[in-house]
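The values are calculated or read from the model by the stated rules, or taken from the named source; none is laboratory data. Being a predicted model, the structure only gives us computed values, none of them experimental. With ideal geometry, Cβ positions are generated from the backbone for all residues, glycine too; neighbour counts draw on all protein chains shown. These accessible areas exclude ligands, DNA and RNA; they are computed on the full protein's heavy atoms, side chains included. Shrake-Rupley method; radii C 1.70, N 1.55, O 1.52, S 1.80 Å.
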Amino acid sequence: ERVRQDYWAVLVDEFQDTDPVQYRIFSSIYGQSDCPFFMVGDPKQAIYSFRGADVFAYLKAREHAKGQYALAENFRSVGGLVNAVNKIFSSLDQSNTFLFDEIHFSPTIAVGKKPEVKENNKRIPPLVIWPILRKKSQKSIPKYYATDICAEAVGAEVVRILSTPGTLGDRLVQPSDIAILVRTHHEGAFIETVLKRVRVPAIRYIQ
């Protein structure tokens, strides 16, 4: 009652990071009250247990919610990237795209005015998928080998973009415009080493 009096309306952002204990706390305080209680989150992120997230806590919260709303407009990305992501996930089997039948892909539209990367005054593809090819004699690609190939390829692509030169809006692309996401600290250290070897300034941000 004290919490409800102090915070009579609540919006929990990044709700996909909520674990079962946290959800029980929120639910016990606001679940049966008349206080406005909004939970904003992306269940696709909860699948990977990022930051202690629990997908089942999310699904339970959604089941008990009085209403559901979708964010259908993207203000952060260029239109080509949004359209590419829509194309990929809309063409997949929706029953197992995200492991759970309850989680579906919702297409969005780009409404933000974001500058696009261009080379020689021509727009470059906003989404490119690189396959890692293995030799015929290999049944699978060793993890260390795949990491080595990816790191070298990423380093070469960064150098190519910076030397073309690529432009972002009305200025040249800078090293600080480029972010490389990795799965492990080992991969991050590997790529940082490659970039420094080709004289591209790089820092590692560990979250």
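Which net charge results when you count Lys and Arg as +1 and Asp and Glu as -1 among the other residues whose beta-carbon is under 12 Å from that of residue 158?
0
Considering just Cα atoms, how many Å³ per residue does the convex hull of the chain enclose?
Here the figure is 189 Å³ per residue.
Calculate, for residue 27 and residue 76, the FRET efficiency according to 1/(1 + (r/R0)^6) with r their C-beta to C-beta distance and R0 25 Å; round to the nearest 0.05.
After rounding to 0.05, the efficiency reads 0.25.
Where does the charge balance sit around residue 79 when Lys and Arg score +1, Asp and Glu -1, over other residues with C-beta under 15 Å from its C-beta?
+4
Using 0.36 nm times the number of residues separating residue 121 and residue 198, minus their current alpha carbon distance, what extension gain do you get?
Taking 0.36 nm per residue and subtracting the Cα distance, the gain is 25.2 nm.
Give, in nm to one decimal, the length gained when the segment between residue 132 and residue 171 is fully stretched (0.36 nm per residue of separation minus the Cα-Cα distance).
Fully extending the segment from residue 132 to residue 171 adds 10.8 nm.
By accessible area of protein heavy atoms, probe 1.4 Å, what ranking do 2, 51 get, highest first?
These residues rank, largest area first, as 2, 51.
Just to make sure I understand: if all protein chains stay in place, what is the order of 13, 42 by accessible area at 1.4 Å, largest first?
Per-residue accessible area, sorted high to low, gives 13, 42.
Give me the percent of the accessible area of segment 18-65 that comes from carbon and sulfur atoms, probe 1.4 Å, all protein chains in place.
55 percent
If you average the C-alpha positions of segment 38-69 and of segment 90-119 separately, how far apart do those two centres end up, in angstrom?
Segment 38-69 and segment 90-119 have Cα centres separated by 18 Å.
Would you kindly find the accessible area of residue 92, with a 1.4 Å probe and non-protein molecules such as ligands, DNA and RNA excluded, rounding to the nearest 10 Å²?
Using a 1.4 Å probe on the heavy atoms, I get roughly 80 Å².
Per DSSP H run of at least 4 residues, take -39500 (n - 2.57); add these up for the chain, divide by its residues and hand me the 222 nm value, nearest 500 deg cm²/dmol.
-11000 deg cm²/dmol
Considering the options 163, 128, 206, tell which one lies farthest towards the positive end of the dipole of the chain, charges being +1 on Lys and Arg and -1 on Asp and Glu at the Cβ, about the Cα centre.
163
Accessible area of residue 204, 1.4 Å probe, to the nearest 10 Å²?
About 110 Å², rounded to the nearest 10.
So with the 1.4 Å probe, I'd like the accessible area per residue for the chain, rounded to whole Å².
The answer is 75 Å² per residue.
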